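Data first, discussion second: the structure below is written as structure tokens.
Computed from the coordinates by the stated procedures, all read-outs in this text should not be read as laboratory data. Bear in mind the structure is a predicted one, so any value in this text is a computation, not a measurement. Backbone-built Cβ (ideal geometry, glycine too); neighbour counts: all protein chains shown.
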Amino acid sequence: MLSFKTKWKKVLALTAIGLMKSSVGDDVFGQRIQEKFDMIVEKLAAFVATLKLTEFFDFLVEFVMTHHANFTSGNLQLLLDSLVRRIIEEQALLDKMNKPKGKTLNLSKKQVVTHTVKGNAKNSNHRIAKCWNVLRFIAEHHYFTGLDHIQIIETSCKPLLAYIAEPQSIDFDDDIVFFLNDLMLKRARL
């Protein structure tokens, strides 16, 4: 059970995310966002690493879709690196949850009992999917077609390609395939 203070913080966070989400396309906020874009991306990258609210990731998708033209090589790499790290961390939590911690012998029933690690991986697959939504948008969108952008995308996302070696252990193997397809199409157009 969450304490009152924890629930209040969650309500405040959800309200703030709702406000940010509703003001993403607003012209007045758009101008301010453009002026402080590097700082905002820095903060968003930090939030990607720590927030567990799926609503934040919904906001992030909308933010990137609306303000994609403001990205530079530097802030694009910062955001991509944070998304990739988050996917890796969430997948590690899922792997840890599904991995047997150890075996013991239950002498009364004469059978081996396997214990699994229970972690705080609730909604990990959902957060991974939201991170992939941002990555796929960036891979698909024509704004990120220049050689600099493609190289940054490829370099930042390279650690995720290792997961395709064991597609049965992940839920985002199709995302990797579509992502690679989009990047190959972009490279072919250069």
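Listing for the model above:
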| read-out | value |
| --- | --- |
| Distance between modelled label sites at Ala188 and Gln31, nm, 7 Å Cα→Cβ extension | 4.4 nm |
| Summed side-chain charge close to Asp171 - residues other than Asp171 whose Cβ falls under 13 Å, Lys, Arg +1, Asp, Glu -1 | -4 |
| Candidate aspartates and glutamates - alpha carbon under 15 Å from Lys43, same-chain residues fewer than 8 apart omitted | Glu35, Asp81 |
| Over 24 Å (Cα to Cα) - which of Lys96/Lys130; Lys36/Lys186; Lys122/Lys186 fall in this group | Lys36/Lys186; Lys122/Lys186 |
| Net +/- balance of residues flanking Ala49 in space, Cβ distance below 12 Å, scoring K and R +1, D and E -1 | +1 |
| Full-stretch length increase - Thr72, Thr50 - with 0.36 nm per residue and alpha-carbon distance subtracted | 5.6 nm |
| Gain in span if fully extended, Met39 to Glu62, counting 0.36 nm per residue against the direct Cα distance | 6.5 nm |
